[in-house]
Amino acid sequence: MGSRTIVNLTAGKNPALWIYENGKIQYEKIHWRNWIFVTGDQFDMEFLERQMEDAGDIVYEHSVERDVYSRIEGLRIYIPQIREREFIKIIKGIGYGRKFRIYNGLLDPGLKIMAASNLTYFSIENPLDHDPEIPYMKFNVKYNGYRWKHAEINGVEFTNEMDAMKFFMDNFQRFPIIIYYDATSMATFLSRIDMIIGKRIGYRISGGRSFMSYGRVSYSTPSIHINGKISINGNSFMYEEGGIEGIFEISRITGLSPETVCRVTPGTAVSSLENYEAIRSGILIITDKDDHEDPKPLSAFMESDRGGYVFQPLPGFYRNVYEIDFSSMYPSIMHHFNMSPETIGTDKQVKLPGDNPYSTSVLKGFIPSSLDILLKRRLIYKYNKRIRRDFELRDKVLKWLLLTSFGYTGFKNARFGKIEMHEAITSVGRWALETAMRIGESEGFTPIHGIVDSLFIQGNGNIQNLLKRVRKNTSINIVMDGYYKWMVFLPARSGLGALNRYFGLKYDGSYKVRGIGIRRSDSPSLVIRAQEDILRLLEELEPGVNDHSIYTRYIELKDRYVRNIDRFPKSDFSLTLRPSKYYEDYMIKNIQKASMESLMEDGIEIMPGQSMNVIINDSVKKVVNFDDQPVDRKFYTRILLRNFEPFDFLFSKLIVKKQSDLSWWF
């Protein structure tokens, strides 16, 4: 209880650490000088010096620093954090946007202070240690405008607004962390406390925003900061995946405050980890990345930029299927084969495997070094996650960071990215999967489907011997991810095998399902319930069992759902839609526009990418969310029948296969 734990940091003019000690938050000022580094040719740098001397209040010194490539001569300029952005803009103007290279600018202020001061949030001595015990309040309050609905505080339900306010105020000082689920309702609650009780609690609310990510319009919900508290958004991706334990873990390794962790994507967290490690290691970070892809002939470009390996499945029903999976393939390749912007080239000492012209240097690069902490900690948590719940949650968030660590190597604005590194990683990945396929065939297995780092195989060979040989030949860890009684690979609309639509029953009784309704976030409960019933029925699908009987029961189940569709509760028909545009940008009135219009009548404005739950009353006339009208039976019947199609395909293959070759089933 008496240990000191850094839980937050306030940046700005007078930065202060938030120290949790003896059940209270204490604030300690931290003395730190913010600086950026600027370099350019001699004439331009001398001109910049004269400009700064004329300004009179700018402190700078000549310095030799290093980036990942080499040592650099330039100016270390000390500038207050709050003036940094404006000052960088001035330097760019002086240099016409191209004469100077600026380093260590426009980074997260808190991260910069934590890294430069060699400090860590929620510090633990060993990854197996428990997190510091810091109490938190889970607070879920709902208003419709200013009309009270309900609240739940640490599991206690409140139907009366005054009771919720009294409980909240009685316990407010005890909790350094508040986990909220609706920023707008939270702000309303705090403002009404001020109005009704006369107790003012300061807060700052930030609006939600729409953004494009991986070709999809997404929406970030509004957030709120309550003065003197660490305010965690319970709807954030990081919290939903890893809970408070996951938030602590990411803060611990990236130098980002817990509130910031809730606002960033896994990719930004990886980038922050790299920045954190770079500053701690004394490595400069470029502010505006301006290096481009190395020139190469068209033939080399087409050969090297081929992405991950994909082996398309033949649609059908398969028995006794193994799924083998390279553990964190791309991060492992980056780490083991020493891939970093400064180590990759065509004239280095160690030739990389695969169909690429690249080689790597002997000296360990920056990216493999920064990945050490991710790979080692995840390995610890992965093998101990059955022991403690916090290990499982830490493992989940680190898995997401590892998944995105590769993608940022090819991102044009990634500060430590390089397209040649991206190409080399995918090339080694293709080589590794092809090697696994060849070894599998030599061990008596037949490849069914392969995609990037995962391979489905069928056969009666020695699976452990296969895994051992693949590890030895590729130097990448590979594990058996599942052993299936049967597996169905579904066709795409073209009739060819779909890469990401399949389902199968493992020998341990669990299913793996991809690409069908039960996995889609926009599926109504009616579809999910129907597919759950079908999967329970398919658990009986065994060799020697009368599959015609199972098929008959499947047809009866399908008929029952379609015939009784009017009898299901209305809530089972709720669809989750995400508009891709603003309301006024829709030229025709489709379901999305009609749904947005319906919610606007209730005072709710929907932004692009924001989810909305709607019930379709008439898909032709675009009538939605009318409680006094029945649902559109034909519309939902079409949806239901479309979601029976994967299982129709299964039985079409199963029945035909058995009729044509009885030996196949026995």
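Go through (1) in contact (Cβ under 8 Å) with a residue 40 or more places away in the chain; (2) small (Gly, Ala, Ser); (3) more than 28 Å from residue 608 (Cβ to Cβ) and name the single condition residue 198 misses.
Unmet for residue 198, out of (1) in contact (Cβ under 8 Å) with a residue 40 or more places away in the chain; (2) small (Gly, Ala, Ser); (3) more than 28 Å from residue 608 (Cβ to Cβ): (1).
What number goes with the only condition from (1) over 25 Å from residue 637 (Cα atoms); (2) buried (at least 16 other Cβ atoms within 10 Å of the Cβ) that residue 573 does not pass?
Residue 573 satisfies all of (1) over 25 Å from residue 637 (Cα atoms); (2) buried (at least 16 other Cβ atoms within 10 Å of the Cβ) except (1).
With the structure loaded, tell me whether residue 482 is farther than 29 Å from residue 218 by Cα, assigned to a loop (DSSP other than H, G, I, E, B) and assigned by TED's automatic domain parsing to the domain that holds residue 383 or whether it fails that test.
Numbers: farther than 29 Å from residue 218 by Cα: yes; assigned to a loop (DSSP other than H, G, I, E, B): no; assigned by TED's automatic domain parsing to the domain that holds residue 383: yes.
Answer is no for this residue.
Going through the range 219-246 one residue at a time, which ones are under 21 Å from residue 10 (Cα atoms), in contact with a helix residue (DSSP H, G or I) (Cβ under 9 Å, 6 or more places away or on another chain) and free of Cβ contacts under 8 Å to residues at least 60 places away in the same chain?
222, 223, 224, 225, 226, 229, 231, 233
Within the range 194-263, considering only strands (runs of 3 or more DSSP E) that don't extend past its boundaries, which have at least 1 residues that are small (Gly, Ala, Ser) and surrounded by 15 or more Cβ atoms within 10 Å (Cβ to Cβ)?
Working: elements: 203-206, 209-213, 216-220, 223-226, 230-233.
Qualifying strands (runs of 3 or more DSSP E): 209-213, 216-220, 223-226, 230-233.
Residues in the range 600-614: is at least one of a type outside the set (A, V, I, L, M), closer than 27 Å to residue 531 by Cβ and out of contact with any strand residue (DSSP E or B) (no Cβ under 6 Å at 6 or more places or on another chain)?
Checked the range 600-614: no residue is of a type outside the set (A, V, I, L, M), closer than 27 Å to residue 531 by Cβ and out of contact with any strand residue (DSSP E or B) (no Cβ under 6 Å at 6 or more places or on another chain).
Report, by residue number, each residue of the range 2-31 that is surrounded by 15 or more Cβ atoms within 10 Å (Cβ to Cβ) and out of contact with any strand residue (DSSP E or B) (no Cβ under 7 Å at 6 or more places or on another chain).
If the condition is that a residue be surrounded by 15 or more Cβ atoms within 10 Å (Cβ to Cβ) and out of contact with any strand residue (DSSP E or B) (no Cβ under 7 Å at 6 or more places or on another chain), then 11 is the only one that fits.
Exactly one condition in (1) surrounded by fewer than 14 Cβ atoms within 10 Å (Cβ to Cβ); (2) touching a strand residue (DSSP E or B) at 6+ places or on another chain (Cβ under 9 Å); (3) not β-branched (Val, Ile, Thr) is false for residue 74; which is it?
Among (1) surrounded by fewer than 14 Cβ atoms within 10 Å (Cβ to Cβ); (2) touching a strand residue (DSSP E or B) at 6+ places or on another chain (Cβ under 9 Å); (3) not β-branched (Val, Ile, Thr), the lone unmet condition for residue 74 is (1).
Given the residues 528, 476, 565, which is the only one that is of a type in the set (A, V, I, L, M) and in the same structural domain as residue 633 (by TED's automatic domain parsing)?
On the way: 528 fails: in the same structural domain as residue 633 (by TED's automatic domain parsing); 476 fails: in the same structural domain as residue 633 (by TED's automatic domain parsing).
Within the list 528, 476, 565, the selection yields 565.
Can you find even one residue in the range 37-50 that is surrounded by fewer than 11 Cβ atoms within 10 Å (Cβ to Cβ) and hydroxyl-bearing (Ser, Thr, Tyr)?
Checked the range 37-50: no residue is surrounded by fewer than 11 Cβ atoms within 10 Å (Cβ to Cβ) and hydroxyl-bearing (Ser, Thr, Tyr).
Return only the number of the condition from (1) crowded, with 22+ Cβ neighbours inside 10 Å; (2) at pLDDT 90 or above that residue 328 does not satisfy.
Exception for residue 328: condition (2).
Has the range 38-56 got any residue that is at pLDDT below 90, of a type in the set (Asp, Glu) and over 30 Å from residue 257 (Cα atoms)?
Checked against the condition, which is being at pLDDT below 90, of a type in the set (Asp, Glu) and over 30 Å from residue 257 (Cα atoms), the range 38-56 yields at least one hit.
Quick one: count up the residues across the range 114-160 that are of a type in the set (Asp, Glu) and assigned to a strand (DSSP E or B).
2
Restricting to the range 264-277, name every residue that is assigned to a helix (DSSP H, G or I) and either among the hydroxyl-bearing types (Ser, Thr, Tyr) or within 14 Å of residue 131 (Cβ to Cβ) (or both).
Hits for the range 264-277 are 268, 271, 272, 276.
Against the conditions (1) in contact (Cβ under 8 Å) with a residue 60 or more places away in the chain; (2) farther than 30 Å from residue 40 by Cα; (3) not in a strand (DSSP E or B); (4) not polar (S, T, N, Q), where does residue 322 fall short? Just the number, please.
Failing condition for residue 322: (3).
Collect the residues in the range 528-547 that are within 17 Å of residue 652 (Cβ to Cβ) and touching a helix residue (DSSP H, G or I) at 6+ places or on another chain (Cβ under 7 Å), keeping them in residue-number order.
Passing the criteria: 534, 537, 541, 547.
Would it be correct to say that residue 471 is at negative phi, assigned to a helix (DSSP H, G or I) and in contact with a strand residue (DSSP E or B) (Cβ under 7 Å, 6 or more places away or on another chain)? Working first, answer last.
Numbers: at negative phi: yes; assigned to a helix (DSSP H, G or I): yes; in contact with a strand residue (DSSP E or B) (Cβ under 7 Å, 6 or more places away or on another chain): yes.
Here the answer is yes, as residue 471 does meet what is asked.
Which condition number does residue 162 fail, the rest of (1) surrounded by 13 or more Cβ atoms within 10 Å (Cβ to Cβ); (2) in contact (Cβ under 8 Å) with a residue 12 or more places away in the chain; (3) more than 21 Å from residue 23 (Cβ to Cβ); (4) among the hydrophobic types (A, V, I, L, M, F, W, C) being met?
Every listed condition holds for residue 162 apart from (1).
Just to check your reading of the model, which residue among 639, 655 is at pLDDT below 90 and either surrounded by 12 or more Cβ atoms within 10 Å (Cβ to Cβ) or touching a helix residue (DSSP H, G or I) at 6+ places or on another chain (Cβ under 7 Å) (or both)?
On inspection, the qualifying residue turns out to be 655.
Quick check on my filter: what residues within the range 604-636 are at pLDDT below 90 and among the basic types (Lys, Arg)?
Result: 621, 622.
Inside the range 486-587, counting only strands (runs of 3 or more DSSP E) that do not spill past its ends, which hold 3 or more residues that are more than 30 Å from residue 605 (Cα to Cα), within 30 Å of the chain's Cα centre (by Cα) and not hydroxyl-bearing (Ser, Thr, Tyr)?
The qualifying strands (runs of 3 or more DSSP E) are 497-506, 511-514.
Between 375, 402, which is closer than 27 Å to residue 130 by Cα, free of Cβ contacts under 8 Å to residues at least 60 places away in the same chain and touching a helix residue (DSSP H, G or I) at 6+ places or on another chain (Cβ under 8 Å)?
375 is the lone residue from the list that is closer than 27 Å to residue 130 by Cα, free of Cβ contacts under 8 Å to residues at least 60 places away in the same chain and touching a helix residue (DSSP H, G or I) at 6+ places or on another chain (Cβ under 8 Å).
Could you tell me how many of the residues in the range 558-567 are surrounded by fewer than 17 Cβ atoms within 10 Å (Cβ to Cβ) and hydrophobic (A, V, I, L, M, F, W, C)? Break it down stepwise before answering.
If we filter the range 558-567 for residues that are surrounded by fewer than 17 Cβ atoms within 10 Å (Cβ to Cβ), which is where we start, we get 559-560, 562-564, 566-567.
If we keep only those that are hydrophobic (A, V, I, L, M, F, W, C) too, we end up with 562.
The total comes to 1.
The values are calculated or read from the model by the stated rules, or taken from the named source; none is laboratory data. Small disclaimer: the values here were computed from a predicted structure and weren't measured. Backbone-built Cβ (ideal geometry, glycine too); neighbour counts: all protein chains shown.
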